[in-house]
1. So ILE42 ticks every box in (1) within 13 Å of the ligand (Cβ to nearest atom); (2) crowded, with 22+ Cβ neighbours inside 10 Å; (3) more than 16 Å from SER91 (Cα to Cα); (4) among the aliphatic types (A, V, I, L, M) but one. Which box is left unticked?
2. When the stretch 160-190 is examined, which residues are found to be small (Gly, Ala, Ser) and either touching a strand residue (DSSP E or B) at 6+ places or on another chain (Cβ under 9 Å) or under 27 Å from LEU14 (Cβ atoms) (or both)?
3. Kindly indicate the residue of the stretch 152-171 that is crowded, with 17+ Cβ neighbours inside 10 Å and in contact (Cβ under 8 Å) with a residue 24 or more places away in the chain and also nearest to PRO130 (Cα to Cα) among those meeting that condition.
4. Take the stretch 112-152 and flag every residue that is touching a Phe, Trp or Tyr at 6+ places or on another chain (Cβ under 6 Å) and of a type in the set (A, V, I, L, M, F, W, C).
5. Say we look at the stretch 129-141 and pick out the residues that are away from the ligand (no atom under 16 Å from the Cβ) and in contact (Cβ under 8 Å) with a residue 40 or more places away in the chain; which of these is surrounded by the fewest Cβ atoms within 10 Å (Cβ to Cβ)?
6. Suppose the filter is under 24 Å from GLY159 (Cβ atoms), touching a residue at least 24 places away in the same chain (Cβ under 8 Å) and more than 12 Å from the ligand (Cβ to nearest atom); does GLN9 pass it?
7. Among the numbered criteria (1) closer than 20 Å to GLY45 by Cβ; (2) touching a residue at least 40 places away in the same chain (Cβ under 8 Å); (3) within 17 Å of the chain's Cα centre (by Cα), which single criterion is violated by LEU97?
Amino acid sequence: MRDNWYERQVLPYLIHVVCGTGTFRHQRRQVVPAAVGEVLEIGLGTGLNLPFYDPAKVSRILGLEPSLISHHLADRRIQASPIPVELIALSAESIPLPDQSVDTVVCTYTLCTIPDPVAALHEMKRVLKPEGKLLFAEHGKAPQAEVFGWQNRLQPVWGKLAGGCHLNRDIPELFRQAGFHSTLQQGYVKGPKVFSYQYWGEAKP
Ligand SMILES: C[S@@+](CC[C@H](N)C(=O)[O-])C[C@H]1O[C@@H](n2cnc3c(N)ncnc32)[C@H](O)[C@@H]1O
């Protein structure tokens, strides 16, 4: 992660506000309740997914999150969670867990920001049990050439403002490159088209 005052002290608050809106809550509700067993959440952020886990189905949540200010912002939701949550302050490109050790990986609005998303997906595949699944909701490349063109044009500025977030990543292609088989839905959610094309569903190793 790049390290400067804006990204450490301001951006996590902005992301928390944007990612906490109704549209994002709706998307989280589409995927997070399907999590079971031992869960690894990639980029736990400020813990906005925590209220959507089913305590009857999930035994523990390991939250991988390199940003320490996000740990602080997540604290209230972690304390309120009926499911035990353990934070790991590391990056997804090198997950400190044994092979085939988790039942579910959850990754929402994080593949856009991870510097090497294919390496991170390989790691998610490594730690998932063979019958496990990766649940995801992500924004990314729009199918229309005109919108994608604007995503590419805005990317250099957007990446700087949004902590390395990419508007234009081809999410299904990232899964393919990492050897996942994804079953997904896609489409525009509320908001300007360049920011609002989303992919959500599950991927299996
Ligand atoms: C847009 S936020 C989304 C947070 C949360 N997943 C959510 O759905 O609200 C992106 C998150 O990815 C985290 N992140 C960035 N690089 C990462 C990496 N290499 N490994 C794991 N998480 C990373 C950031 O710290 C940030 O919390």
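1. Just one mismatch for ILE42, condition (3).
2. The answer is ALA162, GLY163, GLY164, ALA178, SER182, GLY187.
3. ILE171
4. Across the stretch 112-152, the qualifying residues are ALA137, ALA142.
5. In this case the residue turns out to be PRO130.
6. It is true that GLN9 is under 24 Å from GLY159 (Cβ atoms), touching a residue at least 24 places away in the same chain (Cβ under 8 Å) and more than 12 Å from the ligand (Cβ to nearest atom).
7. (3)
One line per residue, one yes/no per condition, for (1) of a type in the set (A, V, I, L, M, F, W, C); (2) away from the ligand (no atom under 13 Å from the Cβ); (3) crowded, with 23+ Cβ neighbours inside 10 Å:
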position: PRO66; (1), (2), (3): no, no, no
position: ARG76; (1), (2), (3): no, yes, no
position: PRO84; (1), (2), (3): no, yes, no
position: ILE88; (1), (2), (3): yes, no, no
position: SER94; (1), (2), (3): no, no, no
position: THR104; (1), (2), (3): no, yes, yes
position: TYR109; (1), (2), (3): no, no, no
position: ALA119; (1), (2), (3): yes, no, no
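Values quoted throughout were computed directly from the atomic coordinates according to the rules given, and no laboratory measurement underlies them. As the structure is a prediction and not an experimental result, all values here were calculated from the model. Methodologically, a virtual Cβ is constructed for each residue, glycine included, from the backbone with ideal geometry; neighbour enumeration extends over all protein chains shown.
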